[in-house]
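Asks: Can you read through this structure? Questions will come right after.
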């Protein structure tokens with residue numbers, strides 16, 4: 001089976017590492033000549049909207065997937081007529097449009113922050129009245145260039161925020177007063193069978209995920225599992241999906257979902273009975289899904305901006321190093337470390353030791 | 001770091017899958033245009049004694065290793081002057097010569113079957129008198145063409161056996177009356193630090209390994225561990241080595257050693273804290289070695305001659321599929337399955353279910 005992947009970053013690379021043993025081979029479409037997935041498959045070096053290259057990918061692949069969510073929905077929809085695509089273009093489309101994403105959350109009874117759609121500067125003023133402050137103004141569509149977000153703390157910051165996001169269709173969301181950020185990852189097969197990983201507790205710094213700890217048996221697990229199951233069924237989803245949530249005194253509140261494997265699931269390579277990457281490949285290939293329970297206690301630390309000496313990482317008991325073959329730049333994710341042990345105290349000791357290294361956590 | 005590998009079969013492929021996350025990249029030398037390791041690295045398609053190709057490999061690699069033991073010792077010795085080679089040419093050489101292999105076992109107090117060197121047909125007659133019958137006549141050097149072995153049950157079969165092996169320098173070994181076949185695998189770093197995997201119990205059929213069960217805490221573990229440690233130190237070995245043994249009423253008897261990762265260690269990918277492939281790469285790269293203990297109860301079943309349907313393999317709880325990307329032919333190893341579970345009964349149930357599939361076990 002040939003798997004075509006739009007995107008050839010570390011997520012594609014780890015799909016390849018998980019999929020080769022299942023008998024799959026890979027072709028990655030990525031405009032970066034150094035796309036790090038090229039170590040585990042063929043590399044079509046072209047833009048994501050290059051019709052010729054997309055056609056070539058569709059011609060060669062038995063199934064087509066993607067490793068990031070900024071693929072144009074229209075590109076994917078046209079490919080869907082020629083080759084099996086999973087997840088579907090419509091599931092991708094929902095994740096790209098904050099309005100549709102929020103609407104589906106509401107329809108499914110998945111709590112979200114208070115929000116209002118904003119189409120004009122005047123609309124922003126009334127949205128602020130409705131939602132309250134502080135609030136965050138976000139462009140409605142992700143777009144290719146990943147246009148940003150602007151925090152608004154007082155009414156007189158509104159105009160600057162509107163300009164900052166480019167005066168485009170937007171959504172104003174109330175700030176969520178959370179106790180922790182969590183995510184839940186699940187895989188759904190084409191027969192509707194769904195498997196759910198343990199809830200993950202995530203720590204961000206400067207907007208970048210730094211560490212994840214899976215929490216099997218967490219009190220919020222059941223609630224998160226119900227939410228992601230409803231979402232997967234509503235989207236008739238095939239593959240791995242990640243739902244990012246805030247945990248609050250009033251329970252879980254959905255932030256957004258990613259129609260793909262996710263950084264907060266990297267611990268599953270060593271830590272779960274079947275990794276998120278393997279289950280994604282199994283799902284899109286129509287194979288039975290694997291068990292998702294945790295093998296032992298785990299933690300995952302990202303490596304950002306600099307690569308620590310491998311000999312120091314691997315000297316820490318229970319540490320497993322994953323480098324992506326990317327050149328380090330400030331703020332760039334270049335690898336991660338998973339720590340696995342029967343002993344939770346040992347995991348935290350290892351986290352402390354590793355966090356002292358350059359680029360770690 | 002660039003790792004050059006002489007040989008591009010499934011062992012090289014699994015070294016690549018384990019080494020890429022450590023930041024290594026791979027170049028494989030193999031005359032087979034379909035060498036299955038090409039999915040995880042560059043492929044130099046040339047003969048193993050092609051001086052130009054070996055030179056190219058040495059030029060590009062930071063460290064050089066091999067995935068099978070029939071590399072000419074002289075080729076490796078000449079490369080050693082240009083690039084770091086691990087394991088060393090001399091360790092490889094010992095494994096290629098049954099006389100040197102047996103001598104080192106004797107020197108180190110590692111029990112072997114009764115044996116005599118045989119250089120002529122007359123020498124064979126007196127060797128039979130000394131060793132007893134039944135016995136097995138083996139060519140002394142492995143050679144490139146893997147010349148065979150001949151079983152001798154009575155004196156009048158001696159001449160035919162001598163002809164069958166090609167009338168070359170040989171060794172006559174007494175038959176060993178064993179209760180089971182076992183192997184022990186260990187990795188040794190350049191600083192002499194050694195880590196040892198749990199003893200493995202192996203079942204062969206038609207001369208091909210069919211299944212392996214790691215036996216942590218086996219009564220023979222300590223004895224096997226002492227033997228392999230002595231051997232590694234005597235060879236000043238760097239990398240993974242496998243010692244194949246017979247278990248008898250009188251204790252362990254060494255059969256032979258392989259200077260490489262081994263089929264009986266494939267269970268370590270899911271079943272041990274660090275796989276044999278990762279520890280081999282760590283050792284030859286000068287990195288700290290990882291823990292070798294078993295995570296849970298495991299079994300490994302080889303896939304030989306035919307590929308079972310992936311959907312049936314993966315429907316068995318705890319089963320992990322590893323296909324090598326090789327076309328099936330009778331007697332050819334094309335993959336393996338590891339079963340991992342907290343429950344030993346479940347492992348054996350899975351083994352029974354999987355063994356019913358074509359090509360499995």
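Readers should treat all values here as calculations from the given coordinates under stated rules, not as data from a laboratory. None of these values were measured; they are calculated from a predicted model. Note that each Cβ is placed from the backbone with ideal geometry, even for glycine, and that neighbours are counted across all protein chains shown.
Asks: For residue B:78, which inter-copy label distances result when the label point lies 7 Å beyond Cα on the Cα-to-Cβ vector, reported in nm to one decimal and in ascending order?
Replies: When each copy's label point is compared with this one, the spacings are 5.6 nm.
Asks: Return a whole-number percent for the relative contact order of chain A, with Cα pairs under 8 Å and 6 or more residues apart as the contact set.
Replies: 13 percent
Asks: Would you mind giving the mean number of other chain beta-carbons within 10 Å of the Cβ of each residue in A:264-270, as a whole number?
Replies: 1
Asks: Distances from residue A:248 to the same position in the other copies: list them in nm, one decimal, shortest first, using label points 7 Å from Cα along Cα→Cβ.
Replies: Those separations, rounded to one decimal, come out as 7.5 nm.
Asks: What is the ratio of the Cα radius of gyration of region B:2-85 to 2.2 N^0.38 Å, where N is its residue count, to two decimals?
Replies: Cα-based Rg divided by the globular estimate yields 0.96.
Asks: Also: Give the average, rounded to an integer, of partner chain Cβ atoms located within 10 angstrom of each Cβ in B:19-27. If you can, show how the numbers build up before the last one.
Replies: Numbers: counts 0, 11, 12, 8, 9, 4, 2, 1, 0.
Shielding by partners across B:19-27 averages 5.
Asks: In percent, how large is the relative contact order of region B:260-361, given Cα pairs closer than 8 Å and 6 or more residues apart?
Replies: That works out to 29 percent.
Asks: Grab the beta carbon distance between residue B:108 and residue B:168, set R0 = 25 Å, and tell me the FRET efficiency rounded to 0.05. Please report the intermediate quantities before stating the final value.
Replies: Values: r = 27 Å, r/R0 = 1.08.
So the FRET efficiency works out to roughly 0.40.
Asks: Sequence gap at least 6, Cα distance under 8 Å: using those rules, report the relative contact order of region A:158-223 to the nearest whole percent.
Replies: On the way: 61 pairs, mean separation 13.8, N = 66.
Once divided by the residue count of region A:158-223, the mean separation gives 21 percent.
Asks: Rank-order B:104-116, A:36-48 by packing density, defined as the average count of other C-beta atoms within 10 Å over each peptide's residues, highest first.
Replies: Answer by packing, highest mean first, reads A:36-48, B:104-116.
Asks: Now for a separate question. Most mobile of B:183, B:78, B:88 per a Gaussian network model of chain B (Cα springs, under 10 Å)?
Replies: B:78
Asks: Follow-up question, since we're still on this one. If one computes the Cα centroid of region B:238-281 and of region B:162-207, what distance in Å separates the two points?
Replies: So the separation of the two Cα centres works out to 9 Å.
Asks: Still on this structure: For every helix of n ≥ 4 consecutive DSSP H residues, a contribution of -39,500 (n - 2.57) applies; sum these over the protein assembly as shown, divide by its total residues, and give [θ] at 222 nm rounded to the nearest 500 deg cm²/dmol.
Replies: When only DSSP H runs of four or more count, the value is -8500 deg cm²/dmol.
Asks: If I take R0 = 25 Å and measure r between the Cβ atoms of residue A:78 and residue A:191 in this structure, what FRET efficiency does the formula 1/(1 + (r/R0)^6) give, to the nearest 0.05?
Replies: With a Förster radius of 25 Å, E is 0.40.
Asks: Okay, moving on. Could you check the spin-label model distance between residue B:34 and residue B:119? Points 7 Å from the Cα along Cα→Cβ, value in nm.
Replies: With each label placed 7 Å out from Cα toward Cβ, I get 4.5 nm.
Asks: DSSP beta bridges in the protein assembly as shown, what fraction antiparallel, as a percent rounded to 5?
Replies: Counting only bridges with both partners in the protein assembly as shown, antiparallel ones make up about 80 percent.
Asks: Please give the average number of partner chain Cβ atoms lying within 10 Å of the Cβ of each residue in A:332-341, rounded to a whole number.
Replies: Working: counts 0, 0, 1, 3, 1, 0, 0, 0, 3, 2.
The shielding value for this peptide is 1.
Asks: Provide the FRET efficiency to the nearest 0.05 for the residue B:99-residue B:332 pair, computing r from the beta carbons and using R0 = 35 Å.
Replies: 0.70
Asks: What gaps in nm, shortest first, separate residue A:121 from its twins in the other copies when you place the label 7 Å past Cα toward the beta carbon?
Replies: Between copies, matching label points for residue A:121 lie 10.7 nm apart.
Asks: Something else about it: Of the beta bridges DSSP finds with both residues in chain A, what % are antiparallel, to the nearest 5?
Replies: In chain A, approximately 80 percent of DSSP beta bridges are antiparallel ones.
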